Each structure stands twice: as C-alpha cells, then as structure tokens.
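The values are calculated or read from the model by the stated rules, or taken from the named source; none is laboratory data. All figures in this text were calculated on a predicted structure; none of them were measured in a lab. Note that we place each Cβ from the backbone using ideal geometry, even for glycine, and neighbour counts take in every protein chain shown.
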Amino acid sequence: MEPAPSRSGSRTRLRTHPADKGMRRSMGERDFIALIDGAHQLVKAPIVLVRDRLNTHVSRAMRDLIAEREWLTVFLLPPYSPDVNPVEGVWAHVKQSLANLAAVALDRLETLVRNRLKRLQYRPGTLDGFIAGTGLGPGERTASP
C-alpha cells in the first residue's frame, strides 16, 4: 500500500511516471487510487470525487478499484461539459492573470502558472466561486448521458 499524502509543505512520496523534460508526467490508475486511499485515511471520512471522462478515468480497472471502496462516491461529468466543470473557471482565472505576459522561456512560464495555482489554494472564496459559477451546489447531480 502506498503512503498517505504528505502534509502541506513537505515532499510527496507518490510515484509519477517519468517523462522527458517538457513532456507531461502522469499517474497510473493504481497510483491515483493510492492517492485517494491516502486522502481517505487522512480525513477519515467518505470522499466524493467528480471526474471527467478521460479514458483512464472510466476504464474497467478504475471502475473495479472504485467499486471496492464503499466510502468513495464518483460522479462523472457529461462529455465536454465546461459549463459544469469548476476547473474551467480555475484555468480561465489563471489565463487572465497571465494575459499580457511575454515569457522569455517555457520554464519561466511553467513557474508562473504553478505560482498562480498555488496562490489559489489560499483563496477559498475564489475557489467556491468557481463551483458556484457552474450553477451546481452541493448534492446536485448532472444528468448522465
């Protein structure tokens, strides 16, 4: 079993699949489930997870792993549904904050984006606004396609 997520400010012990510099890194299905298990151990409460329909998010292996956890409730967003996906608001906010930026290098841009995302962690009112912007509140569900 993977270790629980680390406390804020400390290094995580989760594995990520390595990639060349500039390439996207990813977590495997089992790594993601280990993250969810760790979060469950940390909060000691049921978890509700809202996910998009990326192929790895809806695979048979992922469905089986989720089914084994009665404390985990998963809602899938309808296909391409930016209007009910609060992450779209997050990205719009970050993009707006970088609107007139002329980054001299890709690594500098990456640093700025990470910085903007980190700042949002300390603005719960703004994050709540992204959820409210979807028109959905706690307990509301989207229609399944």
### Task
State the number of residues belonging to segment 31-59 that are acidic (D, E) and at pLDDT 85 or above.
1
### Task
Please indicate, with yes or no, whether at least one residue in segment 67-76 is β-branched (V, I, T), touching an Asp or Glu at 6+ places or on another chain (Cβ under 7 Å) and over 21 Å from T126 (Cβ atoms).
no
### Task
Being of a type outside the set (V, I, T), surrounded by 15 or more Cβ atoms within 10 Å (Cβ to Cβ), touching a strand residue (DSSP E or B) at 6+ places or on another chain (Cβ under 7 Å) and without any contact (Cβ under 8 Å) to a residue 60 or more places away in the chain is the filter here, so list the residues in segment 62-84 that pass it.
L72
### Task
Considering only segment 91-120, state which residues are under 23 Å from F75 (Cβ atoms) and polar (S, T, N, Q).
none
